[in-house]
Amino acid sequence: MPIPSRFANRLTVPVVAAPMFLISGPDLVVGCCQSGVVGTFPALNARTTEGYAGWLDEIGQRLAALPRAAPFGVNLVVHRSNSRLEADLALTIARKVPLVITSLGLNRDLIAAVHDYGGLVFHDVTNLKFAAKAAEAGVDGLIAVTFGAGGHAGMISAFAALQEIRSIFDGVLLLGGSISNGAQIAAARLMGADMAYVGTRFMATQESLAVERLKQMLVESKAADIVYTPAISGIAGNFLRQSIAAAGRDPDNLTPPQQLDFGTTDAKAWKDIWAAGQGVGGIETIPPVQDLCRQLAREYETSLATAGQFSCRQAS
Ligand SMILES: Cc1cc2nc3c(=O)[nH]c(=O)nc-3n(C[C@H](O)[C@H](O)[C@H](O)COP(=O)(O)O)c2cc1C
């Protein structure tokens, strides 16, 4: 399915800058939207519901001055450990947030409520079973969070995930996992995705809330520096090896936490041990986000224009 026109017309490149706990804030969101990329943030990044209201006000006001800006979105963690869900959802509905991204749980009432005001719901999934459930529940978009994605990630390859999910879903399909440049965004489209879902690359920008040491670590790291483990939050995800070691734990001998930590309670795990995807190897700079978006759009256009230049001999 094509990207809804009220979205597509305002994009310079088919990208959602994925929500990242403790990383995405108003400056990153507005910078993305201003540059034609859908900017998003987890509601939980504002540490209270009142703080979340303040962020929505600020983003709304700044975007109102930019009529061509891309729409923005928020991520709601639909997990029983998120005691703020009801209050944050009520605010999301009252402010008519254009895009709601749900993770760690599916909620039919939420989908209906967002649809009632004209918003879209994208849901993030790591396998076909979850994708089928969400498709049946009526989400507008499915995000395939594939092997190598930053944070909680699936174990399925991007190729396999896209073909399986596409066969049961004709809504907006997004691909997440290790995407760091415009050629990869073009590749995602050629593979059947409508949009790319890019997290880690946006962490290494001037506007992200990441501390300087984390930004530097992203520039210095390669895919082999990413550890896939359930030992940090309680479910499997990708984290920077060096940050695990710096926090005093042995990356090669990790023990699972006593309780789940999705950032909905004290967020201990996420403060010192930093999530990142295998796409770190493609990060060499920490640019202003508008420069990054322009670069992604340029690389995307060039890659699409040249993709057909290799001509094979006629098949008999
Ligand atoms: C530091 C970090 C924090 C994240 N926090 C969240 C979050 O709060 N909610 C969520 O749905 N996904 C979260 N994610 C996952 C991203 O939204 C997205 O799925 C992922 O970054 C895509 O893969 P990539 O990082 O390889 O581009 C996080 C990822 C990272 C790297």
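Taken together, the values in this text are just the output of simple stated rules run on the coordinates, not laboratory data. A quick note: this is a predicted structure, and the numbers were derived from the prediction, not measured. A quick note on method: Cβ atoms are made from the backbone with ideal geometry, for glycine too, and the neighbour counts reach across all protein chains shown.
Sorted on the mean count of surrounding Cβ atoms within 10 Å across their residues, most packed first, peptides 12-19, 153-160 read 12-19, 153-160.
Ranking PRO251, LEU85, THR102 by Cα position along the charge dipole of the chain, where only Lys, Arg, Asp and Glu carry charges on their C-beta atoms, puts THR102 farthest toward the positive end. Listed from fewest to most Cβ neighbours within 10 Å, the set TYR117, TYR300 follows the order TYR117, TYR300. Once the C-beta distance of LYS271 and ALA90 is scaled by a Förster radius of 30 Å, the resulting FRET efficiency is 0.60 to the nearest 0.05. Out of the chymotrypsin sites (Phe, Trp or Tyr not before Pro) in segment 27-96, which ones are loop residues according to DSSP with at most 11 other C-beta atoms within 10 Å? Nothing satisfies the criteria.
Equivalent-ellipsoid semi-axes for segment 139-244 (Cα gyration tensor, √(5λ), whole Å, largest first): 26, 16, 12. Placing a label point 7 Å from the Cα of LEU254 along the Cα-to-Cβ direction, the residues of segment 148-178 whose backbone N falls under 20 Å of that point are 148-157, 177-178.
I need ARG294, ARG47 ordered by Cβ neighbour count within 10 Å, fewest first.
Working: ARG294 18, ARG47 10.
Least to most surrounded, the residues fall as ARG47, ARG294.
With a ≥ b ≥ c the root eigenvalues of the C-alpha gyration tensor of the chain, is it rounded (a/c under 1.5), prolate (a/b larger than b/c) or oblate? Before the final figure, lay out the partial values.
Numbers: a/c = 1.28, a/b = 1.07, b/c = 1.20.
Here the chain falls in the rounded category.
With the highest mean first, a sort of the peptides 144-151, 301-308, 79-86 on other beta-carbon atoms found within 10 angstrom per residue produces 144-151, 79-86, 301-308.
The dipole here belongs to the chain: it is taken about the Cα centre, uses +1 on the Cβ of Lys and Arg and -1 on the Cβ of Asp and Glu, and is about 360 debye.
Per 0.36 nm of contour for each residue apart, how much would the distance between CYS312 and THR285 grow if the chain were fully extended, relative to their Cα-Cα spacing? Working shown, then result.
On the way: separation 27, 0.36 × 27 = 9.72 nm, distance 3.65 nm.
That pair, CYS312 and THR285, stretches by 6.1 nm at full extension.
Expected output is a single nm value to one decimal: the length gained when fully extending between ALA245 and SER83, i.e. 0.36 nm times separation in residues minus the C-alpha distance. What is it? Spell out each step's value before the answer.
On the way: separation 162, 0.36 × 162 = 58.32 nm, distance 3.15 nm.
The ALA245-SER83 span can extend by a further 55.2 nm.
Each of ASN45, PRO71, LEU28 was scored by the projection of its Cα onto the charge dipole of the chain, and the greatest displacement toward the positive side belongs to PRO71; charges sit on the C-beta of Lys, Arg, Asp and Glu. Once the Cα-Cα distance is subtracted from the 0.36 nm per residue extended length, the ASP109 to ARG298 segment shows a gain of 64.0 nm. Prolate is the label for segment 65-121, because the ratio a/c of its alpha-carbon gyration tensor axes (a ≥ b ≥ c) is 1.5 or higher and a/b is greater than b/c. Of the residues ILE111, VAL125, ALA158, the one whose Cα sits farthest towards the positive end of the charge dipole of segment 100-173 is ALA158 (charges of +1 on Lys and Arg Cβ, -1 on Asp and Glu Cβ, taken about the Cα centre). Remark: spin-label model distance ALA160-ALA305 equals 3.7 nm, labels positioned 7 Å along the Cα→Cβ axis.
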